[in-house]
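What follows is one structure encoded as structure tokens, with my remarks underneath.
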Amino acid sequence: MQSQTLDWVVFDLGAVLIDWNPRYVYRRFTSDETRIEYFLKNVATGEWNSRMDAGELFQAAIDERAREFPEWKEWLQAWRDHWPTMLHGPISETVQVFEEVVAQRRQGRLKGVLALSNWEANTFKIARARFPFLENFDARLISGEEKMIKPDPRFFRLLMERHGVVPERAIFIDDVDKNIEAATKLGFQTHHFVKAAGLRTRLHELGVLRGD
């Protein structure tokens, strides 16, 4: 595959470029990992968190959940009050790959480097202030701002329409299977992210990163 084949690189953020994990908060509450995992599986579920990612007010979602699980009220409130602690730091190896992709963009070898991320709007402001590398994207589509989330095809189509992305000429990078599946169905090249080394290899294979 020639380097000209791909024009856009689209990154997910959490667990790809940024180490976000609620366990960093709850390990301050207890050393009982079983209790933490129970809470995350049964109370502060991914589905519940996605509601905030999709634009539901943070405190409203917490208050509603606390009425369902009053014994977990303190832990649920910590989801908001201690949220910055969940944001552990950049994943340095992947950020290095990202910066190399940005360098290709600045040399005119790509049309755009974009972010498509499920992230609550207000907490993304915290991340953006903490991590200057986020400013190196040509654009960032954040679910809480757009009121739609991956894997909804509409979110991908918004990226395509707003920034002229042709999916067959773009690679989408994410750590979540269902998001990769949605992008693949729309025609994107994809990479299921596990580690930076694998991503680097994939980008070299596609000609996005070069040896020169």
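The values are calculated or read from the model by the stated rules, or taken from the named source; none is laboratory data. No experiment lies behind these values; they were computed from the predicted model shown. For neighbour counting, all protein chains shown are included, and Cβ atoms are generated from backbone atoms with ideal geometry for every residue, glycine included.
Restricting to segment 120-140, and then to whatever is in contact with an Asp or Glu (Cβ under 8 Å, 6 or more places away or on another chain) and of a type outside the set (A, V, I, L, M, F, W, C), can you tell me which residue is surrounded by the most Cβ atoms within 10 Å (Cβ to Cβ)?
To start, the set of residues in segment 120-140 that are in contact with an Asp or Glu (Cβ under 8 Å, 6 or more places away or on another chain) comprises 120-121, 124, 128, 133, 136.
Retained after the next criterion (residues that are of a type outside the set (A, V, I, L, M, F, W, C)): 120, 128, 136.
Values: E120: 25, R128: 14, N136: 16.
Out of the qualifying residues, it is E120.
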Task: Lone unmet requirement of (1) surrounded by 21 or more Cβ atoms within 10 Å (Cβ to Cβ); (2) closer than 21 Å to G207 by Cβ for S143 - done: (2)
TODO: Determine whether W8 is modelled with pLDDT of 95 or more, in contact with a Gly (Cβ under 7 Å, 6 or more places away or on another chain) and not polar (S, T, N, Q).
DONE: yes
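What do you reckon, is Q96 under 30 Å from R23 (Cβ atoms), assigned by TED's automatic domain parsing to the domain that holds A170 and out of contact with any strand residue (DSSP E or B) (no Cβ under 6 Å at 6 or more places or on another chain)?
Numbers: under 30 Å from R23 (Cβ atoms): yes; assigned by TED's automatic domain parsing to the domain that holds A170: yes; out of contact with any strand residue (DSSP E or B) (no Cβ under 6 Å at 6 or more places or on another chain): yes.
It is true that Q96 is under 30 Å from R23 (Cβ atoms), assigned by TED's automatic domain parsing to the domain that holds A170 and out of contact with any strand residue (DSSP E or B) (no Cβ under 6 Å at 6 or more places or on another chain).
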Task: Failed item, numbered, when V166 is tested on (1) in contact (Cβ under 8 Å) with a residue 60 or more places away in the chain; (2) surrounded by 14 or more Cβ atoms within 10 Å (Cβ to Cβ) - done: (2)
Task: Evaluation of S117 against (1) surrounded by fewer than 20 Cβ atoms within 10 Å (Cβ to Cβ); (2) touching a residue at least 12 places away in the same chain (Cβ under 8 Å) (one fails), failing number - done: (1)
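Test of understanding: among L203, L141, L134, which residue is of a type outside the set (D, E, K, R) and either assigned to a strand (DSSP E or B) or more than 19 Å from the chain's Cα centre (by Cα) (or both)? Step through it out loud before you land on a result.
Values: L203 fails: either assigned to a strand (DSSP E or B) or more than 19 Å from the chain's Cα centre (by Cα) (or both); L134 fails: either assigned to a strand (DSSP E or B) or more than 19 Å from the chain's Cα centre (by Cα) (or both).
Only one candidate qualifies: L141.
Kindly indicate whether R109 is more than 20 Å from V176 (Cβ to Cβ), charged (D, E, K, R) and in the same structural domain as F172 (by TED's automatic domain parsing). Walk me through it before giving the result.
Numbers: more than 20 Å from V176 (Cβ to Cβ): yes; charged (D, E, K, R): yes; in the same structural domain as F172 (by TED's automatic domain parsing): yes.
Considered against the rule, which asks whether it is more than 20 Å from V176 (Cβ to Cβ), charged (D, E, K, R) and in the same structural domain as F172 (by TED's automatic domain parsing), R109 comes out as yes.
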Open item on the list: When the residues of segment 58-108 are narrowed to those that are outside any helix (DSSP H, G or I) and not β-branched (V, I, T), which ends up surrounded by the fewest Cβ atoms within 10 Å (Cβ to Cβ)?
Closed with: G108
- [ ] Tell me which of these S31 doesn't satisfy, since it passes every other one: (1) over 28 Å from S92 (Cα atoms); (2) loosely packed, with under 12 Cβ neighbours inside 10 Å.
- [x] (1)
